[in-house]
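**Student:** My questions all concern the structure below.
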Ligand SMILES: Cc1cc2nc3c(=O)[nH]c(=O)nc-3n(C[C@H](O)[C@H](O)[C@H](O)COP(=O)(O)OP(=O)(O)OC[C@H]3O[C@@H](n4cnc5c(N)ncnc54)[C@H](O)[C@@H]3O)c2cc1C
């Protein structure tokens with residue numbers, strides 16, 4: 001079936017919000033799909049903080065001690081595939097996702113708005129920022145179990161060396177309130193930075209001052225007042241729901257993850273730039289986590305979620321598994337929008353069709369989505385010239401008359417497929433051109449399709465190249 005004519009130019013089939021294990025796993029799955037014939041989705045990741053979310057913060061025990069990794073080792077494995085498939089990872093904080101015709105428009109700070117056919121929310125429980133770089137060197141978090149929390153607070157207090165302790169949490173930090181009695185004197189001041197715009201239960205009984213907002217930036221002050229290991233104090237910037245920033249100086253920071261496991265700050269946040277309003281129509285549980293079905297679909301069609309943001313067990317393996325599931329489902333969604341039918345995903349999921357001897361798992365590329373130029377033809381020739389394809393620059397006849405296959409173009413300009421692939425890669429990156437990329441297994445050069453080798457050369461082309469259509 002032909003491509004839906006209502007679909008115009010867009011940036012990616014799938015945009016993944018977040019850059020933790022759930023997001024990365026979802027992006028890789030949607031981009032790669034499988035090692036045999038398939039047409040994958042174009043994908044982009046938009047993440048607020050350092051790559052990996054909480055993953056590189058410590059060990060990732062997947063099922064039990066027998067299957068344990070250092071988080072950073074696991075991240076390294078994921079990054080290999082992000083690189084291999086050239087999945088763009090944009091650094092930015094998403095604060096809006098809205099529908100515009102057949103697309104989702106994803107907007108935020110630090111990047112230009114993007115349009116996609118489907119969106120996966122994998123934001124975890126909170127925005128992970130610069131504080132990650134100081135973990136266990138002045139930045140502490142509540143973990144292990146409740147009986148360990150007094151010990152962790154004591155450790156953070158010691159580290160603060162009288163320069164003040166900042167506790168980062170939300171409404172639910174009131175559950176730890178009693179553990180902080182007497183800490184202010186020992187720490188040289190106690191501030192609770194609570195990610196909420198509302199009054200917190202028992203607020204008057206908090207043993208320290210309350211600042212409303214979320215952590216925006218953490219910087220080390222090395223000159224004045226070095227703390228016990230000589231690293232210096234922190235200058236923390238918070239931002240409240242009106243966009244006002246505030247500076248807080250302290251010797252140590254304690255992240256209250258018990259609070260964030262109760263309530264996801266990334267969605268129920270106090271600051272501007274949260275997703276709260278954007279996700280008003282998405283069904284959430286009583287704590288604010290995004291509800292999903294077993295295919296990782298939210299209550300809003302075309303919007304999927306994975307990982308901690310779904311509020312089940314907070315575990316790396318679940319985040320990775322959710323990512324795989326959301327990646328497949330978002331891929332199916334985009335594929336249906338482009339080709340009007342389900343992708344063949346066997347042996348991950350059998351489809352209900354009669355299999356014929358001559359069947360191909362690759363779709364027919366409709367004329368409407370064959371390679372074509374989006375920009376000025378001269379710009380394309382100019383780019384070709386810059387890349388040593390002078391013949392192309394001098395060409396008088398248009399190579400883009402009508403809808404052409406890559407084989408047509410390659411033949412017409414006598415350009416080897418590998419060179420053409422490189423040129424097309426650049427043209428796509430410059431948003432000059434659109435192509436579809438198929439993943440074809442070795443030995444299936446053309447797989448019954450006229451794009452063949454060219455596609456294999458382009459397999460790692462970034463998401464923009466794969467599925468922008470008009
Ligand atoms: C203290 C602690 C110990 C843990 N120990 C283990 C363990 O031993 N074994 C285990 O399996 N699991 C463990 N976990 C859980 C595991 O770390 C998480 O389940 C896993 O990291 C969840 O992955 P995620 O991708 O859903 O979220 P995260 O890892 O939190 O990643 C989410 C990412 O999205 C980004 N983001 C948030 N909002 C936005 C936005 N608006 N725009 C753009 N980006 C955004 C964040 O900055 C972050 O980088 C532990 C967790 C904690 C807190």
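The values are calculated or read from the model by the stated rules, or taken from the named source; none is laboratory data. What you see is a predicted model, and the numbers here were worked out from it, not measured in a lab. FYI the Cβ positions are ideal-geometry reconstructions off the backbone, even for glycines, and counts take in every protein chain you see.
**Student:** Go through (1) within 14 Å of the ligand (Cβ to nearest atom); (2) at negative phi for residue 105 and report which single condition fails.
**Tutor:** Exception for residue 105: condition (1).
**Student:** Scan the range 123-139 residue by residue and report those that are touching a residue at least 24 places away in the same chain (Cβ under 8 Å), surrounded by fewer than 22 Cβ atoms within 10 Å (Cβ to Cβ) and more than 19 Å from residue 239 (Cα to Cα).
**Tutor:** 133, 134, 135, 137
**Student:** Could you check residue 82 against (1) crowded, with 16+ Cβ neighbours inside 10 Å; (2) in contact (Cβ under 8 Å) with a residue 60 or more places away in the chain and say which number it fails?
**Tutor:** For residue 82, the exception is condition (2).
**Student:** Another question about this same structure. Using the structure shown, decide if residue 58 is modelled with pLDDT of 85 or more and more than 7 Å from the ligand (Cβ to nearest atom). Steps first, answer last, please.
**Tutor:** Working: modelled with pLDDT of 85 or more: yes; more than 7 Å from the ligand (Cβ to nearest atom): no.
Answer is no for this residue.
**Student:** I've got another one for you. For the range 330-363, which residues satisfy the criterion of being away from the ligand (no atom under 16 Å from the Cβ) and assigned to a helix (DSSP H, G or I)?
**Tutor:** Once the filter is applied, which keeps residues that are away from the ligand (no atom under 16 Å from the Cβ) and assigned to a helix (DSSP H, G or I), the range 330-363 yields 331, 332, 333, 334, 335, 336, 337, 338, 339.
**Student:** Kindly evaluate residue 120 against the criterion of being in contact with a strand residue (DSSP E or B) (Cβ under 6 Å, 6 or more places away or on another chain) and part of a loop (DSSP other than H, G, I, E, B).
**Tutor:** Against the criterion (in contact with a strand residue (DSSP E or B) (Cβ under 6 Å, 6 or more places away or on another chain) and part of a loop (DSSP other than H, G, I, E, B)), residue 120 does not qualify.
**Student:** Oh, and also: Looking only at the range 80-89, decide whether some residue is under 17 Å from the mean Cα position of the chain (by Cα), more than 9 Å from the ligand (Cβ to nearest atom) and assigned to a strand (DSSP E or B).
**Tutor:** We begin by selecting, within the range 80-89, every residue under 17 Å from the mean Cα position of the chain (by Cα); these are 80-89.
Then keep just the ones that are more than 9 Å from the ligand (Cβ to nearest atom); that gives 80-89.
Now restrict to residues that are assigned to a strand (DSSP E or B): 89.
Yes, because at least one residue in the range 80-89 is under 17 Å from the mean Cα position of the chain (by Cα), more than 9 Å from the ligand (Cβ to nearest atom) and assigned to a strand (DSSP E or B).
**Student:** Could you check the range 61-72 and list, in sequence order, the residues that are in a helix (DSSP H, G or I) and near the ligand (Cβ under 9 Å from one of its atoms)?
**Tutor:** 71
**Student:** Let me ask something else about it. Taking the range 225-237 on its own, how many of its residues are at pLDDT below 95, touching a strand residue (DSSP E or B) at 6+ places or on another chain (Cβ under 7 Å) and surrounded by fewer than 16 Cβ atoms within 10 Å (Cβ to Cβ)?
**Tutor:** 1
**Student:** Mind telling me which of the residues 191, 168, 200 ends up being over 11 Å from residue 254 (Cβ atoms) and either in contact with a helix residue (DSSP H, G or I) (Cβ under 7 Å, 6 or more places away or on another chain) or assigned to a strand (DSSP E or B) (or both)?
**Tutor:** Criteria check complete, one pass: 200.
**Student:** Continuing with this model, one more query. So residue 133 ticks every box in (1) part of a helix (DSSP H, G or I); (2) within 14 Å of the ligand (Cβ to nearest atom); (3) at pLDDT 95 or above but one. Which box is left unticked?
**Tutor:** All conditions are met except number (3).
**Student:** Further question: So which residues in the range 42-55 are in a loop (DSSP other than H, G, I, E, B), more than 6 Å from the ligand (Cβ to nearest atom) and closer than 17 Å to residue 106 by Cβ?
**Tutor:** Here is the first cut: in the range 42-55, the ones in a loop (DSSP other than H, G, I, E, B) are 42, 48-54.
Now restrict to residues that are more than 6 Å from the ligand (Cβ to nearest atom): 42, 50-52.
Scanning the range 42-55 gives a single hit, 42.
**Student:** Out of 182, 202, 169, 208, which single residue is under 34 Å from the mean Cα position of the chain (by Cα) and either without any contact (Cβ under 8 Å) to a residue 60 or more places away in the chain or within 16 Å of the ligand (Cβ to nearest atom) (or both)?
**Tutor:** On the way: 182 fails: under 34 Å from the mean Cα position of the chain (by Cα); 202 fails: under 34 Å from the mean Cα position of the chain (by Cα); 208 fails: under 34 Å from the mean Cα position of the chain (by Cα).
Residue meeting the stated conditions: 169.
**Student:** What number of residues within the range 240-260 are in a strand (DSSP E or B) and more than 13 Å from the ligand (Cβ to nearest atom)?
**Tutor:** 8
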